[in-house]
Amino acid sequence: MIAKDAASTTPAPDHPTMLAVLRLAARAPSVHNTQPWRWVFDGVRLHLYVDADRLLPSTDPLARQLVISCGAVLHHVRTVFADRGWHTDTTRVPLPERPDHVAVISFRPWPDPPTGVHSRALAIGRRRTDRLPLYTPEGFADILPRLRMLTSPHEVELGVLDQAARPHLAAASKEADTVRDGDLLYQTELQWWVGHSEMSEGVPSSALVSEKEFARVGIGRAFPGGPHSARRAQLEDQAQLVVLSTDTDTVTAWLRTGEALSAVLLECTAAGLASCALTHITEIPAGRKLLANLVPHPAMPQVLIRIGTAPEDSDMTPPTPRRAVTDMFTVTEAH
Ligand SMILES: Cc1cc2nc3c(=O)[nH]c(=O)nc-3n(C[C@H](O)[C@H](O)[C@H](O)COP(=O)(O)O)c2cc1C
């Protein structure tokens, strides 16, 4: 009853707007492109749930990366709504006993969203995970304060690593690869999610790199079935490495990490920079410990990001696929 009254007086975007926003926001990055989220609109508020069927039990047993992915789509959604004049008041993990219900959004008109929202919204369609070698990011010193401004409201620390960290991370990457080599469940998950085409989820082979390209990056996740190519052949990776960390390892901290990750990736894209999120090192206890020791104060490292400038003549990688918005969105009665 109360909610019905509320539905008649509380403003909310109409159905076509909702669909258009969710469709664009679904371009958000997610671990193995699993897109592990569900949206429910109750006539007044928009609810975000994790889709536990899309958990990667071996890669991500605690669902940390699943929730980070949901945080990324949450930030994408809020960015697109803001760009269309909607302020989104967001409650994170509203019921402690239901950690799968990760956010509730209510709406009010917002005629003058802050500068930067529009360019980040525009960047959504252009952003790609770039797994090839990159040059040092042009203008990184100028963009860094903006990145920190975007991550700090989420209580996510953005640590900038110096190049001396690279050999340690390359060794940790190799170690992660070796540990996973004999892990049948992990390999089965990879085979399921990676290297196929004509699917609406997963990482297609067009987004992968060859063994030679992979070797010139040195700190990527090893994926099966890459192409036989030698793109950016003269380039050894010079990307800037940054780490997002939190003080705690809670569902809210993971969600906030995803929001901060999305903000960083979109701001970099808007500034003409390429990027690649990496988590394989964080999946191995020794790798996570190593990362924690590389950032200024002890913390929980969540995601490593490569940020760089792609060569001007490099072709834009085709976009990875996404599920239909109708598969991830339902409308219920107001309650
Ligand atoms: C939590 C999270 C973890 C990820 N981990 C990795 C990773 O370890 N290695 C990698 O190459 N890409 C990683 N990615 C990038 C995803 O594979 C990528 O976002 C997804 O395939 C969709 O492609 P797109 O980003 O080009 O749209 C990660 C993304 C997220 C959000």
Just how large is the dipole of the range 69-220 about the Cα centre, in debye to the nearest 20, putting +1 at every Lys and Arg Cβ and -1 at every Asp and Glu Cβ? 480
Degrees, to the nearest 10: 251-270 long Cα axis against longest axis of the chain: 70
Efficiency of FRET between Leu19 and Ser205 - r from beta-carbon atoms, R0 22 angstrom, step 0.05: 0.15
Positive-pole candidate from Leu46, Ala230, Pro311, dipole of the chain, charges at beta carbon: Pro311
Using only the heavy atoms of the protein chains and a 1.4 Å probe, how would Met18, Met300 rank by accessible area, largest first? Met300, Met18
Please name whichever of His154, Ser119, Ala141 sits farthest to the positive end of the charge dipole of the range 111-157, dipole taken about the Cα centre and charges placed at Cβ: Lys and Arg +1, Asp and Glu -1. Ser119
At what distance in angstrom do the alpha carbon centres of the range 110-182 and the range 21-100 lie from each other? 20
Ranking Gln187, Gly258, His75 by how far each Cα lies towards the positive end of the charge dipole of the chain (+1 on Lys and Arg Cβ, -1 on Asp and Glu Cβ), the top one is His75
The range 297-335 residues near the modelled Asp53 label - backbone nitrogen below 18 Å, point 7 Å along Cα→Cβ: 322-332
Under 1.5 on a/c is rounded, so check that first for the chain, then, if it is not, pick prolate when a/b is larger than b/c and oblate when it is not; a ≥ b ≥ c are the square roots of the alpha carbon gyration tensor eigenvalues. prolate
Potential extension, Ala222-Thr188 segment - 0.36 nm per residue separation minus Cα distance: 10.9 nm
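Largest first, what is the accessible-area ranking of Tyr49, Tyr135 with a 1.4 Å probe?
Listed by decreasing accessible area, they come as Tyr135, Tyr49.
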Note down the relative contact order for the chain as a percent, whole number, built from C-alpha pairs under 8 angstrom at least six residues apart. 26
Residue separation between Asp177 and His297 times 0.36 nm, minus their alpha-carbon distance, gives in nm 40.5 nm
Angle, helix 64-83 long axis vs. longest principal axis of the chain, Cα atoms, 0 to 90°, nearest 10? 60
With +1 on the Cβ of every Lys and Arg and -1 on the Cβ of every Asp and Glu, the dipole magnitude of the range 260-335 about its Cα centre, in debye rounded to the nearest 20, is 380
How far, in nm, would the chain grow between Thr91 and Thr326 when pulled straight, counting 0.36 nm per residue and subtracting the alpha carbon separation? 82.2 nm
Expressed to one decimal in nm², the mean projection of the alpha carbon convex hull of the range 140-203 is 7.5
State to the nearest 20 debye the size of the charge dipole of the chain about its Cα centre, where the only charges are +1 on K and R beta carbons and -1 on D and E beta carbons. 280
Taking all protein chains together and a probe of 1.4 Å, list Trp192, Trp254 from the most accessible to the least accessible. Trp192, Trp254
Using Cα springs under 10 Å in a Gaussian network model of the chain, which residue among Thr279, Thr129, Thr115 shows the largest mean-square fluctuation? Thr115
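Would you mind classifying the range 255-321 by shape? Square roots of the alpha carbon gyration tensor eigenvalues, ordered a ≥ b ≥ c; an a/c under 1.5 is rounded, otherwise it is prolate if a/b is larger than b/c and oblate if not.
Prolate shape, in that a/c is at least 1.5 and a/b is the bigger ratio.
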On the full set of protein chains, 1.4 Å probe, figure out the accessible area of Ser58 and give it in Å² to the nearest 10. 20
With bins of 10 Å, the percent of all Cα-Cα pairs of the range 37-163 per bin from 0 is 10, 33, 37, 18, 2, 0
Which distance in nm do the two modelled labels at Asp313 and Met149 give, with both placed 7 Å along the Cα-to-Cβ direction? 3.7
The FRET efficiency for Arg166 and Gln234, from their Cβ-Cβ distance with R0 = 22 Å and rounded to 0.05, is 0.75
With everything on Cα atoms, drop me the angle between helix 165-181 and the longest principal axis of the chain, reported from 0 to 90° to the nearest 10. 80
Pairwise label distance in nanometres, Ala215 with Glu333, each label 7 Å out on the Cα-Cβ vector: 6.5
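The values are calculated or read from the model by the stated rules, or taken from the named source; none is laboratory data. Keep in mind that this is a model prediction, so the values were computed, not measured. Cβ atoms come from the backbone with ideal geometry, glycine included; neighbour counts cover every protein chain shown. Ligands, DNA and RNA are stripped out before the accessible areas are found, and what is left, the full protein with its side chains, is counted by its heavy atoms. Shrake-Rupley method; radii C 1.70, N 1.55, O 1.52, S 1.80 Å.
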